[in-house]
Amino acid sequence: MASIQILRRRIRSIQGTTKIVRAMEMVAASKMRKTQDRMQATRPYSRRIAQIIRHLAHANPEYQHSFMVAREVKSIGLILISSDRGLCGGLNANLFRLTLR
């Protein structure tokens with residue numbers, strides 16, 4: 001009889017964990033939608049900025065900014081964006097491993 005009680009307790013525990021994970025998924029989906037909407041809202045702005053930069057570049061073609069001159073690559077910098085919340089341990093481990101390659 002004790003083993004049946006242990007099994008029932010474990011089943012309840014797993015069901016509770018499942019509910020938590022589903023709630024976390026719903027919150028993440030909501031945040032993702034909100035972020036995607038914000039990103040879409042910035043697209044006209046970024047297109048206009050690119051258009052202005054192209055216009056300025058064509059207006060004065062003899063001007064050469066140091067950022068626009070080709071030069072030898074001595075070193076590169078990487079910015080890794082990862083997660084620090086939720087059940088993301090495997091994701092972060094894979095990101096760091098791939099970044100170090």
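Every read-out reported here was derived from the displayed coordinates using simple, explicitly stated rules and does not represent laboratory data. Worth saying up front: this structure is predicted, and the values here are computed from it rather than measured. Heads up, the Cβs are rebuilt from the backbone with ideal geometry, glycines too, and the neighbour counts pull from every protein chain shown.
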Task: For THR18, net neighbour charge (Lys/Arg +1, Asp/Glu -1) across residues whose Cβ lies under 13 Å away - done: +3
Task: Between helix 89-100 and the chain: long-axis angle, C-alpha atoms, 0 to 90°, nearest 10 - done: 30
- [ ] For P(r) over Cα pairs in 10 Å bins from 0, in percent, several values are listed as [x] 10, 18, 23, 22, 13, 7, 5, 3, 1; [y] 15, 49, 30, 7, 0; [z] 14, 35, 19, 13, 10, 7, 1; flag the one computed from this structure.
- [x] [x]
Task: Computed [θ] at 222 nm, deg cm²/dmol, the chain (DSSP H ≥ 4; -39,500 (n - 2.57); rounded to nearest 500) - done: -25500 deg cm²/dmol
TODO: On a C-alpha basis, how far is the centre of the stretch 56-101 from the centre of the stretch 1-50 in Å? Whole number, if you could?
DONE: 28
Task: FRET E, pair LEU91, ALA41, Förster distance 25 Å, beta-carbon r, rounded to 0.05 - done: 0.40
TODO: Under 15 Å from the Cβ of HIS55, count the other residues' Cβ atoms, weight Lys and Arg +1, Asp and Glu -1, and hand me the total.
DONE: +3
Task: Acute angle (nearest 10 degrees) that the helix 2-59 long axis makes with the longest principal axis of the chain, alpha-carbon atoms - done: 10
